[in-house]
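The structure under discussion appears below in the form of structure tokens.
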Amino acid sequence: MKNNNITIKSLIVGLLMLTCLAGYGQQKDSFTLSGKIKGQDYDFIYLRYNDPSSGASVLDSFKITKGTFLFKGRIVEPTVAFLYGKMKSQSMDDPNFTSIFLEPVPMTIDVTAGAFRNVVMKGSVSQDQQKALEKLKAPIRKEMEPVLEAYGKEKNHEKAAEIREQFEPFNARMDKIDFAFFASHPDSYVTPYMMRFKIAGLNTAQAKEIYNSWTARIQQSSYGKKIAEEIKKLENGSPGSTAAAFSAKDINGEQLSLSDFKGKKYVLIDFWASWCVPCRKGNPHLIGLYNRYKESGLEIIGVANDDTAVDAWKKAVAQDKIGIWRHILSGYDRKASDQEKSKYINERYGIHSLPTKILIDKNGVIIGRYGGGGEDDAAMDKKLAEVFSKS
């Protein structure tokens, strides 16, 4: 009996050692991406992603050996990464560039030079889900190709914008597929990642409804937290919220602060840009509104997304004859830190698309949002008529 006890004890110890060794081979929160590549005429392949826990950008490279490569790293959750070889351009459509979903597990991938988008990847559940989602939208993208080709060839800015409007029916059909995916995959990391591209067209209530349907782990994921931040910004720029304060030099070099108008005027903030064709086309209508209500207490402040194109901004103001109201730049700085970007006026109001207009009452409270995440211009006209019929 004593010998049997020793044997059982030895067996247990041995099993524990094997478990530890297995854990040592694949540490928690670590990934391996073992790959094969065909037809390459270059030495290195690259992997770039953001660390989900710190947000830091990670760039790794591996020297291809006999058509194989291996990447290793640590991530706490699934995250999108970019895999690329020797690129012929800076475009994400480059044939030697693709995006994939990394997960903290062992994964394999097969790549062909010049056809990176056709990668075959195994081991990542998120990658499988993303691939299945894209497969559902593939027929629509195929139908859309002639329009995309015409858009790419058109050099005239206004004509290109008109062609771009033809994207809408296709995008609406693909949106329907994406939203159905969100509803059926509340525990998928693909859902909050894809939601980033949809929030521009949602109001606060719609965005919250989708976010609240997710599981706790998805809400607490890095992508989930970003969506929560965007919803908060959208909420800050929606009716019922106090308008975020800002101050800047206007187009004439004079200081302008939103607080200057508190208690005195209603303010319509027009978020626009010189290159935004729908914005420019809407200016005659804005001129009409301004002339109608300025004596009753309406002020318009144009906030232009032209920080890197000041001359184009000034030229557009002159051409469209909108210098009759106040104009400032948005304050965007590509090199700014995340903390500094919080001062960016568009960020404070959750502006995801142009044009978007925010209507603020004399008490500094937002009473209307029109455009991205809000109502249409007809609703804006109705609201202004209602406001000034009482004054």
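Assorted remarks:
- The strands (runs of 3 or more DSSP E) found entirely in the stretch 208-278 that carry 1 or more residues being surrounded by fewer than 14 Cβ atoms within 10 Å (Cβ to Cβ), touching a strand residue (DSSP E or B) at 6+ places or on another chain (Cβ under 7 Å) and small (Gly, Ala, Ser) are 247-249, 255-257.
- Candidates 280, 217, filtered to the one that is of a type in the set (D, E, K, R), in contact (Cβ under 8 Å) with a residue 12 or more places away in the chain and outside the structural domain of residue 312 (by TED's automatic domain parsing): 217
- Residue in the stretch 148-163 that is surrounded by the fewest Cβ atoms within 10 Å (Cβ to Cβ), counting only those that are of a type in the set (D, E, K, R) and over 16 Å from residue 279 (Cα atoms): 155
- Segments classed as strands (runs of 3 or more DSSP E), wholly inside the stretch 61-152, with at least 2 members that are closer than 18 Å to residue 41 by Cβ and either in contact with a helix residue (DSSP H, G or I) (Cβ under 9 Å, 6 or more places away or on another chain) or of a type in the set (D, E, K, R) (or both): 79-84, 97-102, 106-112
- The number of residues in the stretch 67-101 being in contact with an Asp or Glu (Cβ under 6 Å, 6 or more places away or on another chain) and either of a type in the set (S, T, N, Q) or buried (at least 18 other Cβ atoms within 10 Å of the Cβ) (or both) comes to 2.
- Within the stretch 88-100, the presence of at least one residue that is of a type in the set (Gly, Ala, Ser) and at pLDDT 95 or above is confirmed.
- Residues of the stretch 164-196 satisfying the condition of being of a type in the set (A, V, I, L, M, F, W, C) and closer than 27 Å to residue 273 by Cβ: 167, 170, 172, 174, 194, 195
- Residues that are surrounded by fewer than 20 Cβ atoms within 10 Å (Cβ to Cβ), hydroxyl-bearing (Ser, Thr, Tyr) and closer than 26 Å to residue 218 by Cα within the stretch 102-125 comprise just one, 108.
- Candidate set from the stretch 346-391 (those that are more than 20 Å from the chain's Cα centre (by Cα) and among the small types (Gly, Ala, Ser)); member that is farthest from residue 203 (Cα to Cα): 391
- So residue 301, is it assigned to a loop (DSSP other than H, G, I, E, B) and under 18 Å from residue 322 (Cα atoms): no
The values are calculated or read from the model by the stated rules, or taken from the named source; none is laboratory data. It should be emphasised that the depicted structure is a prediction, and the values quoted were computed from it without experimental measurement. Positions of Cβ are backbone-derived with ideal geometry, glycine not excepted, and every protein chain shown enters the neighbour counts.
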